[in-house]
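Have a look at the structure below, then the notes.
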Amino acid sequence: MTNNIIKYQALIDGELYENGKWISIINPTTNKTIGEVPALTKVEIEKVYTAAKQSQKSWEQMPILKRITFLNSWKQLIIRDKLIIAQLMTNEIAKATKAACSEIDRTIEYIDYTLQEALRLHPQSYTGESWGIMNKLGIFEYVPKGIVLAISPFNYPVNLSVSKIFPALVTGNSVVFKPATQGSLSGLHLAKLAKEAKLPNGVFNAVSGKGSAIGDSLVENEVINVISFTGSATVGNHISQKSLKADLILELGGKDPAIVLDDADLEDTATKIIKGAFSYSGQRCTAIKRVLVQKAISSKLISILKAKVEKLSIGLPIDNCDITPVIDQPTIVNAKKLIKDALDKGAKCLIGNKFKENLMWPTIIIDVTTKMDLAWEEPFAPLLPIIIFEQVSEAIKIANDSQYGLQASIFTTNINSAMTIASLLEAGSININDQSQRGPDHFPFIGIKDSGLGVQGIRSSLLAFTRPKGIIINWKTKN
Ligand code: NAP
Ligand code: G3H
């Protein structure tokens with residue numbers, strides 16, 4: 001540490017690495033540089049893939065219990081450094097310290113479940129009997145796909161990194177990990193701990209550098225077997241065009257609607273909407289990003305929501321405020337643009353629309369219509385539009401007209417309405433009487449349309465990083 005600037009190194013083939021070129025990590029709360037990570041180049045990225053390739057076979061051939069021992073040692077070090085990592089997260093992504101600690105606790109549970117579930121990935125066997133072949137038995141075991149490129153976003157720098165890295169490693173893949181630049185202090189701290197846990201050289205590598213500078217070199221490499229990416233739809237779609245022969249798992253953006261019917265329990269609904277829309281200042285892919293409310297109860301719901309927003313604390317992440325600064329100024333500029341467009345077209349601000357540097361007060365915009373960008377675009381900020389509908393069919397149409405299809409919520413006391421609407425919504429998952437959310441983490445997590453490709457969730461991730469390999473036994477029958 002020099003002048004309070006913390007420097008982290010990349011991890012290449014088991015060695016911590018720096019090349020003399022650095023990227024600054026800015027604290028979104030203070031706008032001051034708090035750290036530096038190496039700006040790697042194409043040449044170094046080639047070296048990383050060579051290391052990952054060279055190490056993969058022996059890692060795959062190591063007994064799974066031994067792989068688990070290495071991964072458990074790494075986990076113990078993450079537990080040991082929980083407060084250090086949480087502080088890094090608070091400083092580099094302005095996540096409240098309590099929420100950062102919860103993210104690490106959740107991640108430890110994720111690792112435990114993943115390592116247990118990997119032991120349950122038993123081979124499947126098939127006989128030829130149903131095809132009239134009595135002397136054939138196929139045994140299909142799960143083998144690793146090979147080399148996994150894991151690219152994570154800023155908002156869950158520990159959880160959304162580990163949820164790619166650990167399922168890939170435990171199943172015998174080697175990993176090249178690229179954390180988001182804002183989030184790379186936490187990401188490279190994890191890498192430092194992997195070295196301390198003495199993972200075999202080259203099995204896990206961590207690179208840093210701006211996605212815009214090194215992204216294409218990372219993605220356009222023929223040795224990659226799987227790219228597991230979480231981030232924006234724009235970058236995800238770019239990666240899908242640039243990737244060569246890799247399987248793709250993409251977790252992208254969302255515009256999750258909460259549909260509130262006139263028979264909903266409004267107090268409970270409002271509590272869940274506030275949590276869904278404003279946790280971590282709206283910077284969650286699964287945040288509720290629009291409320292579609294039935295006209296008869298709209299005024300009542302809106303006044304309960306306003307009262308609840310007034311109670312949210314706004315300020316510093318170290319004070320564990322509910323609303324903390326968003327990641328950067330472009331996010332603020334985008335939120336202001338969406339608000340202006342909505343107000344210009346006749347919407348009204350119920351509360352908020354106040355800013356100080358990267359801090360944005362929780363904002364609810366009412367009388368939003370489908371003509372406004374706010375009805376469709378993802379702000380990734382504490383900004384919630386409310387759209388009123390009369391017929392349920394209108395709500396379903398507005399929900400489905402989105403480019404996204406991550407999750408949706410339906411609030412109603414009528415299970416028949418809920419199930420009927422759920423069957424018509426185009427989304428990966430639909431939550432009845434709860435906010436949209438990824439967890440519990442063993443549930444399959446799916447995005448359709450521009451929200452993603454493939455399935456995550458503990459067992460789904462283990463399956464995504466493996467393929468079946470069949471050994472088919474034939475024998476001579478005596479007759
Ligand atoms: P982002 O800007 O798309 O960045 C995501 C990752 O991609 C970062 O590591 C970034 O590196 C890297 N990257 C940027 N350009 C690249 C390129 N050309 N090639 C390869 N990698 C590249 O997203 P973000 O701002 O971190 O996260 C916010 C977005 O992620 C939102 O849209 C949110 O909805 C979505 N998200 C989705 C989920 C989900 O599960 N569906 C979860 C979390 C977030 P740099 O940081 O260096 O640019
Ligand atoms: O930001 C995207 C995360 O995958 C959402 O996870 O629903 O647990 O906040 P979460």
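Every number here is computed from the coordinates shown, using simple stated rules; none is lab data. Since the model is a prediction, treat every value here as computed from it, not as a measurement. All Cβ positions, glycine included, derive from the backbone under ideal geometry; neighbour counts span all protein chains shown.
Ranked highest first by the average count of other Cβ atoms within 10 Å around their residues, in what order do 347-357, 28-38 fall? Don't jump to the answer; show the numbers that get you there.
Working: 347-357: 15.9, 28-38: 18.5.
Listed from highest to lowest mean packing, they are 28-38, 347-357.
Over the Cα atoms of the range 256-441, how large are the radius of gyration and the largest Cα-Cα distance (Dmax), in Å?
15.3, 47
Report Rg (one decimal) and Dmax (nearest whole number) for the range 120-234, counting Cα atoms only, units Å.
Cα-based Rg and Dmax for the range 120-234 come out at 18.3, 60 Å.
From the phi of every residue in the range 395-400, what ³J(HN,Hα) in whole Hz does the Karplus formula 6.51 cos²θ - 1.76 cosθ + 1.60 yield, where θ is phi - 60° and glycine or proline is x?
Karplus values, whole Hz, x for Gly and Pro: 4, 5, 5, 5, 4, 7.
Output wanted: per-residue J couplings in Hz (rounded whole) for the range 228-243, from phi through Karplus 6.51 cos²θ - 1.76 cosθ + 1.60, θ = phi - 60°, x for Gly and Pro.
Result, rounded to whole Hz: 10, 10, 10, x, 6, 5, 4, 5, x, 5, 4, 4, 5, 7, 8, 5.
How far is it, in nm, from the label point at ASP328 to the one at GLU18 when both lie 7 Å from their Cα along the line to the Cβ?
2.3 nm
Can you give the net charge of the other residues whose Cβ lies under 15 Å from the Cβ of VAL148, counting K and R as +1 and D and E as -1? Show your work: numbers first, answer last.
Numbers: positive: LYS53, LYS57, ARG67, LYS145, LYS164, LYS178, LYS245, ARG467; negative: GLU60, GLU222, ASP247, GLU251.
Result for the neighbourhood of VAL148: +4.
Can you list the residues, at least 5 places off or on another chain, whose amide H is less than 5 Å from the amide H of GLY35, using H built in the peptide plane?
ILE6, ILE25
Pop out the ³J(HN,Hα) list for the range 357-370 in order, Karplus 6.51 cos²θ - 1.76 cosθ + 1.60 with θ = phi - 60°, rounded to Hz; leave Gly and Pro as x.
The phi angles translate into 6, 8, 8, 10, 5, x, 10, 10, 10, 10, 6, 7, 10, 6 Hz.
Starting from the Cα-Cα distance between PHE443 and LYS469, subtract it from 0.36 nm times their residue separation and give me the gain in nm to one decimal. Walk me through the intermediate numbers first.
Values: separation 26, 0.36 × 26 = 9.36 nm, distance 2.55 nm.
Here the segment from PHE443 to LYS469 would lengthen by 6.8 nm.
Give me, ordered by chain and number, the residues 5 or more places off LEU40 or on other chains with an amide H under 5 Å from its own placed amide H.
Those qualifying (amide H under 5 Å, at least 5 residues apart or on another chain) are SER208, GLY209.
In whole Å and largest first, what semi-axes does the C-alpha gyration tensor of the range 1-109 yield when each eigenvalue is scaled by 5 and square-rooted? Don't skip to the answer; put the middle values down first.
Details: eigenvalues 162, 105, 20 Å².
Largest first, the range 1-109 gives 29, 23, 10 Å.
Pairs to check: LYS245/LYS449; LYS306/LYS337; LYS311/LYS371; LYS295/LYS340; LYS21/LYS337; LYS164/LYS255. Give those whose C-alpha atoms are more than 28 Å from each other in this structure. Present the calculation step by step, with values, prior to reporting the outcome.
Numbers: LYS245/LYS449 22 Å; LYS306/LYS337 22 Å; LYS311/LYS371 31 Å; LYS295/LYS340 24 Å; LYS21/LYS337 35 Å; LYS164/LYS255 23 Å.
With Cα atoms farther than 28 Å apart: LYS311/LYS371; LYS21/LYS337.
Considering the Cα positions of the range 378-426, please state its Rg to one decimal place and its Dmax as a whole number of Å.
Considering the range 378-426 through its Cα atoms, Rg and Dmax are 11.9, 34 Å.
Name the long-range amide H neighbours of VAL260: under 5 Å, sequence gap of 5 or more, or other chain; modelled H, no Pro or chain starts.
It is LEU292, VAL293, GLN294, PHE411, by chain and number.
Against the empirical 2.2 N^0.38 Å scaling, what ratio does the C-alpha Rg of the chain come to? Spell out each step's value before the answer.
On the way: Rg = 23.8 Å, N = 479, 2.2 N^0.38 = 23.0 Å.
My calculation over the Cα atoms of the chain gives 1.04.
Estimate the FRET efficiency between ALA307 and THR33 by the formula 1/(1 + (r/R0)^6), using the beta-carbon distance for r and 45 Å for R0, to the nearest 0.05. Before the final figure, lay out each step's value.
Details: r = 40 Å, r/R0 = 0.89.
Calculated value: 0.65.
Could you tell me how many cubic angstrom of Cα convex hull volume the range 116-185 has per residue?
113 Å³
Take every DSSP beta bridge whose two residues both sit in the chain, then give the antiparallel share in percent to the nearest 5. Provide the component values of the computation, followed by the final result.
Details: 34 of 73 bridges.
Among the beta bridges of the chain, antiparallel pairing accounts for roughly 45 percent.
Between TYR113 and SER423, what is the FRET efficiency for a Förster distance of 35 Å, r being their Cβ-Cβ separation, to the nearest 0.05? Could you put the intermediate results ahead of the total?
Numbers: r = 30 Å, r/R0 = 0.86.
Using R0 = 35 Å, I get an efficiency of 0.70.
Using only the alpha-carbon atoms, what does the range 359-464 span along each of its principal axes? Please give whole angstrom values in decreasing order.
44, 41, 23
Rank by packing, highest mean first: peptides 60-67, 365-372, with packing defined as the count of other Cβ atoms within 10 Å averaged across residues. Working shown, then result.
Details: 60-67: 12.9, 365-372: 18.5.
The densest-packed peptide leads the list: 365-372, 60-67.
Applying a 10 Å radius around every beta-carbon, put 424-436, 8-20, 218-230, 285-297 in order of their mean neighbour count, most first.
Values: 424-436: 19.8, 8-20: 18.2, 218-230: 21.8, 285-297: 23.7.
With the highest mean Cβ count within 10 Å placed first, the list reads 285-297, 218-230, 424-436, 8-20.
Stretched out fully, how many nm does the piece from LYS345 to THR370 gain, at 0.36 nm a residue minus the Cα gap? Don't jump to the answer; show the numbers that get you there.
Numbers: separation 25, 0.36 × 25 = 9.00 nm, distance 1.05 nm.
Net length gain for the segment: 8.0 nm.
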